[in-house]
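Scroll down for the structure; my scribbles are underneath it.
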Amino acid sequence: MFLPNAKFDHVVIFVADLNRAIVDFTALGFQVTPGGSHGATENALVIFRNQTYIELLALRSTWYSPLIKLAIKLNILQRQAGMKTNIYARLTSWICGETGPVDWCVRVNDLNAALALWESQDLEVLYSEPFSREGADGQVAQWKL
């Protein structure tokens with residue numbers, strides 16, 4: 001049994017250029033809301049009536065430096081990611097890979113119980129960490145992955 005009270009929350013789509021993705025999704029008829037930034041990434045959200053959403057995720061422009069591009073080309077970031085067991089390892093694989101859908105997330109009432117159940121079912125579970133992001137309105141959203 002996966003987890004009876006787990007609900008689909010959102011899908012993550014990694015994009016090369018967030019502003020271009022916002023224009024493209026808006027042209028398709030979606031209402032796109034700026035989400036904010038967290039660390040090396042920034043995002044925008046397409047929120048549906050049932051509060052599920054599409055997260056358009058991109059590297060912040062400051063992270064597209066020649067040094068980062070060289071590290072990707074030399075496989076340095078990929079090797080570093082292979083030594084980690086957290087969300088940053090997954091983010092690194094997204095940065096070094098193709099754009100498009102990269103992840104999906106569920107919402108649970110009790111994260112610790114969900115993690116214990118998934119681990120007991122031999123599912124690979126990343127180390128759970130707190131995250132936050134400041135939105136365009138200055139509000140800070142906090143969650144735990």
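Give the percent of DSSP beta bridges with both residues in region 1-59 that are antiparallel, rounded to the nearest 5.
Bridges in region 1-59 are about 70 percent antiparallel.
Once fully extended, how much extra length lies between residue 121 and residue 17, figured as 0.36 nm per residue of separation less the alpha-carbon to alpha-carbon distance?
Going from the current span to full extension adds 33.6 nm.
If I take R0 = 35 Å and measure r between the Cβ atoms of residue 75 and residue 50 in this structure, what FRET efficiency does the formula 1/(1 + (r/R0)^6) give, to the nearest 0.05?
FRET efficiency, residue 75 to residue 50: 0.30.
Where a number appears in this text, it was derived from the coordinates with a stated rule and is not lab data. Note that the coordinates shown come from a computational prediction; the quantities given were computed from them, not determined experimentally. Positions of Cβ are backbone-derived with ideal geometry, glycine not excepted, and every protein chain shown enters the neighbour counts.
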